[in-house]
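The values are calculated or read from the model by the stated rules, or taken from the named source; none is laboratory data. This structure is a prediction, so every number in the text was calculated from the model and none was measured. For neighbour counting, all protein chains shown are included, and Cβ atoms are generated from backbone atoms with ideal geometry for every residue, glycine included. What goes into the accessible areas is simple: the full protein's heavy atoms, side chains included, and nothing from ligands, DNA or RNA. Shrake-Rupley method; radii C 1.70, N 1.55, O 1.52, S 1.80 Å.
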Amino acid sequence: VPEDQADKLLLASWGLPKAVLEKYHSLGVVKMFEWQAECLMLGQVLEGNNLVYSAPTSAGKTLVAELLILKRVLETRKKALLILPFVSVAKEKKCYLQ
């Protein structure tokens, strides 16, 4: 992330509603890793273009997906489908995103 865009590491910079930010903050998530912000700033990904990215387990891939989904759902008022690999993760995200 270029120095002039360092604020993009903060979740509050992405136009998310206060309630969403408060939920992330309560979980200790206030800012992203540089690679996560870079993913969100690539091309037209925030406008709905595709994004393929890879990172090790527990690196933070889900946060990128959640932010993209939340922004698109809130901006377009359309539904989203989130596919997760395990039932336990799906149940956790269901409770979390409600």
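At a glance:
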item: Candidate residues V64, V89: accessible-area rank, largest first, probe 1.4 Å; result: V89, V64
item: Segments 78-84, 92-98 sorted - mean Cβ within 10 Å per residue, highest first; result: 92-98, 78-84
item: Selection from V45, W14, L27 lying farthest towards where the dipole of the chain points positive, charges on Cβ; result: L27
item: Magnitude of the charge dipole, the chain, Cβ model with Lys/Arg +1 and Asp/Glu -1, debye to 20; result: 640
item: Calculated FRET efficiency for the pair D4/E38, C-beta based, R₀ 22 Å, to 0.05; result: 0.95
item: Percent of Cα-Cα distances greater than 17 Å, calculated over the range 3-97; result: 52
item: CD proxy at 222 nm, helix term only [per DSSP H run n ≥ 4: -39500 (n - 2.57); per residue of the chain; nearest 500]; result: -13500 deg cm²/dmol
item: Relative contact order (%) - the range 1-92, alpha-carbon pairs under 8 angstrom, separation at least six; result: 22
item: Other-chain or far-sequence residues with amide H under 5 Å of K31's (modelled H); result: L11
